[in-house]
Amino acid sequence: RKGRWHVNALRAVSRQLFGKTVGYIGMGRIAQAVAERLKVFGCAGIYVDPADTLSTAEAGSLGVRRGSLGEVLTASDILTIHVPLTDGTRHMIGVSALAKLKPGAIIINTARGGIIDEHALAAELKSGHVLSAGIDVFENEPAIADNPLFELDNVIITPHISAGTSDAMRHKMESLFKNLKTFFTGGELRNRVTFP
(Lines give C-alpha, C1' and ligand atoms only; values in the text may rest on other atoms or scores of the structure.)
Protein backbone atom coordinates (compact mmCIF):
# COMPACT_ATOMS: atom_id res chain seq x y z
CA ARG A 1 0.00 0.00 0.00
CA LYS A 2 2.90 2.34 0.61
CA GLY A 3 4.76 1.36 -2.56
CA ARG A 4 7.26 -0.93 -0.79
CA TRP A 5 7.52 -4.61 -1.67
CA HIS A 6 8.89 -6.43 1.38
CA VAL A 7 9.29 -9.82 -0.25
CA ASN A 8 11.92 -11.00 2.26
CA ALA A 9 11.23 -8.70 5.21
CA LEU A 10 9.10 -11.18 7.17
CA ARG A 11 10.96 -14.37 6.28
CA ALA A 12 13.06 -14.37 9.44
CA VAL A 13 10.03 -14.09 11.74
CA SER A 14 7.44 -16.07 9.78
CA ARG A 15 6.61 -19.71 10.49
CA GLN A 16 4.85 -22.34 8.41
CA LEU A 17 2.10 -24.68 9.60
CA PHE A 18 3.66 -27.80 8.05
CA GLY A 19 5.16 -30.05 10.69
CA LYS A 20 3.77 -28.10 13.63
CA THR A 21 1.92 -29.71 16.52
CA VAL A 22 -1.39 -28.09 17.31
CA GLY A 23 -2.77 -28.58 20.81
CA TYR A 24 -6.52 -28.46 21.27
CA ILE A 25 -8.13 -27.69 24.61
CA GLY A 26 -11.54 -29.22 23.85
CA MET A 27 -12.40 -31.34 20.82
CA GLY A 28 -16.02 -30.54 20.06
CA ARG A 29 -17.57 -29.61 16.73
CA ILE A 30 -15.55 -26.41 16.19
CA ALA A 31 -12.21 -27.93 17.21
CA GLN A 32 -12.87 -30.89 14.92
CA ALA A 33 -13.49 -28.50 12.02
CA VAL A 34 -10.21 -26.70 12.82
CA ALA A 35 -8.32 -30.02 13.01
CA GLU A 36 -9.76 -31.15 9.68
CA ARG A 37 -8.47 -27.97 8.02
CA LEU A 38 -5.05 -28.04 9.68
CA LYS A 39 -4.48 -31.71 8.82
CA VAL A 40 -4.15 -30.82 5.13
CA PHE A 41 -1.32 -28.43 6.05
CA GLY A 42 0.63 -31.31 7.60
CA CYS A 43 -0.07 -30.46 11.24
CA ALA A 44 -0.11 -33.11 13.92
CA GLY A 45 -2.65 -32.68 16.70
CA ILE A 46 -2.98 -33.55 20.36
CA TYR A 47 -6.05 -32.77 22.43
CA VAL A 48 -7.62 -32.89 25.84
CA ASP A 49 -11.39 -32.77 26.12
CA PRO A 50 -13.42 -32.70 29.33
CA ALA A 51 -16.42 -34.24 27.50
CA ASP A 52 -14.16 -36.92 25.92
CA THR A 53 -16.67 -37.99 23.25
CA LEU A 54 -14.33 -38.48 20.29
CA SER A 55 -13.63 -42.10 19.38
CA THR A 56 -10.10 -43.26 18.58
CA ALA A 57 -11.14 -43.80 14.93
CA GLU A 58 -12.61 -40.28 14.69
CA ALA A 59 -9.47 -38.81 16.24
CA GLY A 60 -7.30 -40.73 13.79
CA SER A 61 -9.28 -39.43 10.81
CA LEU A 62 -8.65 -35.88 12.03
CA GLY A 63 -4.94 -36.49 12.60
CA VAL A 64 -5.17 -35.93 16.35
CA ARG A 65 -4.51 -38.03 19.42
CA ARG A 66 -5.78 -37.77 22.97
CA GLY A 67 -3.44 -36.66 25.74
CA SER A 68 -3.47 -35.14 29.19
CA LEU A 69 -3.54 -31.37 29.69
CA GLY A 70 0.16 -31.47 30.56
CA GLU A 71 0.99 -33.43 27.39
CA VAL A 72 -1.01 -31.02 25.25
CA LEU A 73 0.77 -28.02 26.74
CA THR A 74 4.31 -29.40 26.40
CA ALA A 75 3.78 -30.71 22.85
CA SER A 76 2.07 -27.69 21.30
CA ASP A 77 3.66 -25.29 18.86
CA ILE A 78 0.19 -23.74 18.56
CA LEU A 79 -2.43 -23.98 21.31
CA THR A 80 -6.07 -23.39 20.39
CA ILE A 81 -8.87 -23.24 22.93
CA HIS A 82 -12.34 -24.73 22.37
CA VAL A 83 -14.01 -25.31 25.75
CA PRO A 84 -16.84 -23.46 27.47
CA LEU A 85 -16.13 -21.21 30.43
CA THR A 86 -17.02 -23.08 33.61
CA ASP A 87 -15.71 -23.12 37.17
CA GLY A 88 -13.38 -25.92 36.03
CA THR A 89 -11.99 -24.05 33.01
CA ARG A 90 -11.70 -20.53 34.47
CA HIS A 91 -8.01 -19.52 34.27
CA MET A 92 -7.18 -23.05 33.11
CA ILE A 93 -4.41 -21.39 31.09
CA GLY A 94 -2.64 -19.51 33.86
CA VAL A 95 0.90 -19.14 35.17
CA SER A 96 1.66 -22.86 35.59
CA ALA A 97 0.05 -23.92 32.30
CA LEU A 98 1.82 -21.18 30.33
CA ALA A 99 5.18 -22.21 31.85
CA LYS A 100 4.70 -25.72 30.39
CA LEU A 101 4.37 -24.43 26.82
CA LYS A 102 7.29 -24.73 24.43
CA PRO A 103 9.28 -21.52 24.09
CA GLY A 104 7.89 -19.73 21.04
CA ALA A 105 4.40 -21.23 21.24
CA ILE A 106 1.40 -19.42 19.78
CA ILE A 107 -1.96 -19.25 21.59
CA ILE A 108 -5.36 -18.74 19.99
CA ASN A 109 -8.52 -18.19 22.01
CA THR A 110 -11.83 -17.86 20.21
CA ALA A 111 -13.76 -19.79 22.87
CA ARG A 112 -14.42 -17.71 25.98
CA GLY A 113 -12.53 -15.06 27.89
CA GLY A 114 -11.61 -16.09 31.40
CA ILE A 115 -10.22 -19.46 30.28
CA ILE A 116 -6.89 -17.66 29.95
CA ASP A 117 -5.47 -15.55 32.78
CA GLU A 118 -4.87 -12.41 30.69
CA HIS A 119 -2.25 -10.94 33.04
CA ALA A 120 -0.25 -14.19 33.05
CA LEU A 121 -0.47 -14.39 29.25
CA ALA A 122 0.68 -10.78 28.90
CA ALA A 123 3.72 -11.52 31.08
CA GLU A 124 4.65 -14.57 28.96
CA LEU A 125 4.20 -12.57 25.75
CA LYS A 126 6.42 -9.77 27.09
CA SER A 127 9.11 -12.25 28.13
CA GLY A 128 9.05 -13.90 24.69
CA HIS A 129 8.26 -17.34 26.10
CA VAL A 130 4.95 -17.17 24.21
CA LEU A 131 5.69 -15.87 20.72
CA SER A 132 2.27 -14.47 19.92
CA ALA A 133 -1.44 -14.77 20.54
CA GLY A 134 -4.71 -14.36 18.67
CA ILE A 135 -7.43 -13.31 21.10
CA ASP A 136 -11.09 -12.85 20.15
CA VAL A 137 -12.62 -13.15 23.63
CA PHE A 138 -11.92 -11.42 26.92
CA GLU A 139 -12.61 -11.94 30.59
CA ASN A 140 -14.49 -8.62 30.64
CA GLU A 141 -16.55 -7.82 27.56
CA PRO A 142 -16.56 -5.24 26.23
CA ALA A 143 -12.85 -5.40 27.01
CA ILE A 144 -11.55 -2.74 29.33
CA ALA A 145 -9.10 -0.19 27.94
CA ASP A 146 -6.28 -1.08 30.36
CA ASN A 147 -6.26 -4.76 29.37
CA PRO A 148 -2.55 -5.72 29.42
CA LEU A 149 -2.85 -7.51 26.05
CA PHE A 150 -3.75 -4.25 24.25
CA GLU A 151 -0.26 -2.78 24.57
CA LEU A 152 1.52 -5.73 22.94
CA ASP A 153 2.49 -5.85 19.27
CA ASN A 154 2.64 -9.67 19.25
CA VAL A 155 -1.10 -10.03 19.89
CA ILE A 156 -3.86 -9.94 17.30
CA ILE A 157 -7.04 -8.76 18.98
CA THR A 158 -10.59 -8.87 17.67
CA PRO A 159 -13.80 -7.92 19.52
CA HIS A 160 -15.47 -11.35 19.89
CA ILE A 161 -16.25 -11.55 16.17
CA SER A 162 -14.76 -14.88 15.07
CA ALA A 163 -18.17 -15.79 13.67
CA GLY A 164 -19.12 -12.19 12.94
CA THR A 165 -20.50 -12.45 9.43
CA SER A 166 -24.03 -11.98 8.16
CA ASP A 167 -23.92 -15.56 6.84
CA ALA A 168 -22.94 -16.94 10.25
CA MET A 169 -25.66 -14.93 12.01
CA ARG A 170 -28.30 -16.19 9.57
CA HIS A 171 -27.14 -19.78 10.01
CA LYS A 172 -27.07 -19.38 13.81
CA MET A 173 -30.61 -17.98 13.90
CA GLU A 174 -31.93 -20.70 11.56
CA SER A 175 -30.34 -23.38 13.75
CA LEU A 176 -31.60 -21.79 16.94
CA PHE A 177 -35.22 -21.58 15.77
CA LYS A 178 -35.09 -25.06 14.27
CA ASN A 179 -33.84 -26.39 17.62
CA LEU A 180 -36.60 -24.53 19.50
CA LYS A 181 -39.21 -26.09 17.23
CA THR A 182 -37.60 -29.51 17.68
CA PHE A 183 -37.56 -29.08 21.47
CA PHE A 184 -41.26 -28.26 21.64
CA THR A 185 -42.21 -31.12 19.31
CA GLY A 186 -40.14 -33.69 21.24
CA GLY A 187 -37.47 -34.28 18.59
CA GLU A 188 -33.70 -34.75 18.91
CA LEU A 189 -31.80 -31.53 19.62
CA ARG A 190 -28.79 -30.69 17.42
CA ASN A 191 -25.48 -29.37 18.75
CA ARG A 192 -26.45 -30.14 22.31
CA VAL A 193 -23.68 -29.54 24.84
CA THR A 194 -23.61 -31.98 27.73
CA PHE A 195 -21.20 -31.26 30.56
CA PRO A 196 -19.50 -34.20 32.28
Worksheet entry | Extension gain (nm, one decimal) between ASP87 and GLU71, 0.36 nm per residue minus Cα-Cα | 3.6 nm
Worksheet item: Given H placed on each backbone N at 1.01 Å, which residues far from GLY113 in sequence or on other chains put an amide H within less than 5 Å of it?
Response: PHE138
Practice prompt. Straight distance only, please: which lysines reach the Cα of LYS181 with their own Cα at less than 17 Å, same-chain residues fewer than 8 apart left out?
Written response: LYS172
Worksheet entry | PHE138 - accessible surface, heavy atoms, 1.4 Å probe, Å² rounded to 10 | 10
Worksheet entry | Charge dipole (the chain, unit charges on Cβ, about Cα centre) - positive-most of VAL34, ALA105, LEU149 | VAL34
Item to complete: Check the straight Cα-Cα distances from LYS20 and name the lysines below 21 Å, setting aside those fewer than 8 residues away within the same chain.
Response: LYS39, LYS100, LYS102
Item to complete: With N denoting the number of residues in the chain, provide Rg(C-alpha) divided by 2.2 N^0.38 Å, to two decimal places.
Response: 1.12
Worksheet entry | LYS100, LYS2, ranked by accessible area, largest first (probe 1.4 Å) | LYS2, LYS100
Practice prompt. Could you order THR182, THR110 so the one with the most accessible surface comes first? Probe is 1.4 Å.
Written response: THR110, THR182
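The values are calculated or read from the model by the stated rules, or taken from the named source; none is laboratory data. Source: prediction; values computed, not measured. When we count neighbours, we look across all protein chains shown, and the Cβ atoms used for this are built from the backbone with ideal geometry, even at glycine. Calculation scope for accessible area: heavy atoms of the full protein, side chains included, ligands and nucleic acids excluded. Shrake-Rupley method; radii C 1.70, N 1.55, O 1.52, S 1.80 Å.
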